[in-house]
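Here is the structure we will look at, set down as structure tokens.
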Amino acid sequence: MSMTMINQDATSRHGPPSAALLDALHDALVSERRLLDDLIAQMRRQRAAVTVDDIQGVDDSTFSTHRILATLGQARTRRRQLNLLLGGAEDCTLRDLEALLADQMDGRLRDARLRLQQAADLLTREVGMNRKLLREALSSGDQHVRTLVGAPTTASTYAHEGAAASSAVASRGMLVNRSV
């Protein structure tokens, strides 16, 4: 309820935002971009660890990623609060920020907004690459385990056309001690 009151107060205010509020917005945009840069670096570390089968490196990068994401959540909350104080909506996008500030959007704010948007776009690509690599690594690991235990190469447990393949039936249970 108090957020609604802040929003109403901010939108009914006439006049430009204070220099301190614009400085706080600039700081928030720069801080958020630094966090995205840290996430990008973690995505790259994770990818490098996966390519050399460094399980500890993957685990460390995952832990670091979670820590950065928690801090990023706090930074985004701060920016949403600033959006309200500037007279905008809490969910004001980076692109809407320029329209909201109009002639108060100076070069340093415009640059900070642009750099944050670029970092977000780059992070999206990095996350996509990691997802693909991790899927391939999991698939490769699954195939390797199937080969080691003599399991069928397909995940299907049903025989084709109603009959079990003789090679699949013969290899099942090879690891079980039948002497008991």
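Every number in this text was worked out from the coordinates using simple rules, so none of it is lab data. No experiment lies behind these values; they were computed from the predicted model shown. Quick reminder, even Gly has a Cβ in these numbers, built from the backbone with ideal geometry, and neighbours come from all protein chains shown.
Quick notes on this one:
- Approximating the spin labels as points 7 Å out from Cα along Cα→Cβ, the residue 135-to-residue 62 distance works out to 1.8 nm.
- For segment 29-144, the C-alpha radius of gyration sits at 1.32 times the compact-globule guess of 2.2 N^0.38 Å, with N the residue count.
- Computed 3J(HN,Hα) for segment 98-111, one whole-Hz value per residue from the Karplus formula 6.51 cos²θ - 1.76 cosθ + 1.60 where θ = phi - 60°, is 5, 5, 5, 8, 6, 6, 7, 7, 7, x, 5, 5, 4, 5, glycine and proline marked x.
- Placing a pseudo-label 7 Å from each Cα along the Cα-to-Cβ vector at residue 71 and residue 111 gives an inter-label distance of 2.3 nm.
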